[in-house]
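The values are calculated or read from the model by the stated rules, or taken from the named source; none is laboratory data. Because the structure is predicted, anything quoted here is derived from the model rather than measured. Quick reminder, even Gly has a Cβ in these numbers, built from the backbone with ideal geometry, and neighbours come from all protein chains shown. In case anyone asks, the SASA skips ligands and DNA or RNA and just uses the protein heavy atoms, side chains included. Shrake-Rupley method; radii C 1.70, N 1.55, O 1.52, S 1.80 Å.
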Amino acid sequence: MKFRGKAHKFGDDVNTDYIISGKYKFKTLDMRELASHVMEDLDPDFARKVKPGDFIVAGKNFGCGSSREQAPLAIKYADVSAVLAKSFARIFYRNAINTGLPVVECDTDRIEAGDELEVDLEKGVIRNLTRGTEIAIKPLPGVMLRILSDGGLAAHFRKHGGFNLE
């Protein structure tokens, strides 16, 4: 899986209420509607600025807070290709993989807002095309890549009638 897009940078401890405010979470099940409000408490123009394939780049503990799946789903339906962060809240990380949103733990200090990035999950590398640098990442296990390429765990089950991880 390879993605290319621009970096939208945020700080540490971006909680799930910052990703999608509680005032929207319970009003609709329409993920495109939720995506139109993603990250707006931190950047009111984010949903208008983000383009298909772009990345959210953050510091430590991205996705802390509630364990609801709306947070990674809202990011995914905003057409963000992946979230890159120094670390993730464990439940957010699991929900992201289960919903088909790639998440990558890496050193994000050498990525600035607006940088053009290319992320290759299979080779384990982030290429910062703006700065001409590379950041090595631990490649995702084959099981996770398979679930992500199927669109998430539920889509994987629909496609294969159960686990098909070999």
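Annotation: average projected area of the stretch 64-162 is 6.7 square nanometres, based on the convex hull of Cα atoms across all directions. Here the dipole of the stretch 37-133 is about 280 debye; that uses its Cα centre as origin and unit charges on the Cβ of Lys and Arg (positive) and Asp and Glu (negative). Dipole magnitude for the chain: about 360 debye, using +1 per Lys or Arg Cβ and -1 per Asp or Glu Cβ, origin at the Cα centre. Measure out, as a whole number of angstrom, how far apart the alpha-carbon centroids of the stretch 62-85 and the stretch 86-141 sit. Centre-to-centre distance over Cα atoms comes out at 14 Å. With contacts taken as Cα pairs under 8 Å and at least 6 residues apart, the stretch 27-114 reaches a relative contact order of 29 percent. Straight-line cross-link reach from residue 76 at under 21 Å between alpha-carbon atoms covers these lysines, not counting any fewer than eight positions away in the same chain: 2, 6, 9, 23, 25, 27, 49, 51, 60, 86, 159. Mean separation of Cα pairs under 8 Å and 6 or more residues apart, divided by the residue count, gives the chain a relative contact order of 23 percent. Over all distinct Cα-Cα pairs of the chain, the Kirkwood formula returns a hydrodynamic radius of 15.8 Å. Ellipticity at 222 nm from helices only: DSSP H runs of n ≥ 4 in the chain, each -39500 (n - 2.57), divided by the residue count, give -7000 deg cm²/dmol. Across 96, 85, 113, mean-square fluctuation computed from a Gaussian network of the chain (C-alpha pairs under 10 Å connected) peaks at 113.
Rolling a 1.4 Å probe over the heavy atoms of the protein chains gives the chain an accessible area of 49 Å² per residue.
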